[in-house]
């Protein structure tokens, strides 16, 4: 359709032609730029050689490297502390204070429950949560910051007593009345 209008009028739409020219020019410039950069970096492959060490040397170094200690190595100590009712947070603090082992309560829990099935791990987590809540309550009581709010008693006045007596259902209305024999008249 654009071609037919061009042929009829003898002139094209200047803006459309210009936009097409700019588009083609942009693509051409980007293409040349990519080609130039690829030529520029092409020579770098030859200059940098990746010199890998001998595999036997790497294997010897690996054999001499000390094995890292993981938290699972201290599982016996964790079991002893859990038997003494330590929380996982307290175990992590104890490991850091006594032996400078960096651990948080989550990593201690993961290491401790790694060999357990999901149900036992869940029970351990619940027990730990209860212990931490109890410790927090004891600490709040000790500091005097524990505040317990009891529900206020409902005031009983004459209006409340009347409302309660109006609600009571008499025995006869409750359906527990004695059933008598019904007399049927025959005609």
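One table, with the values for the structure above:
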| quantity | calculated |
| --- | --- |
| Sorted by Cβ neighbour density within 10 Å, fewest at the top, the residues 95, 52 | 52, 95 |
| Residue 117/residue 63 FRET efficiency (R0 22 Å; Cβ-Cβ; nearest 0.05) | 0.05 |
| Stretch gain in nm, segment residue 140-residue 100, where the contour uses 0.36 nm per residue and the Cα spacing is subtracted | 11.5 nm |
| Fewest-first ranking of 75, 27, 91, using other Cβ atoms within 10 Å as the exposure measure | 27, 75, 91 |
| Range of Cα positions in the range 71-143 per principal axis (Å), largest first | 38, 32, 18 |
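Readers should treat all values here as calculations from the given coordinates under stated rules, not as data from a laboratory. Worth saying up front: this structure is predicted, and the values here are computed from it rather than measured. So basically every Cβ, Gly included, is an ideal-geometry build from the backbone, and we count neighbours across all protein chains shown.
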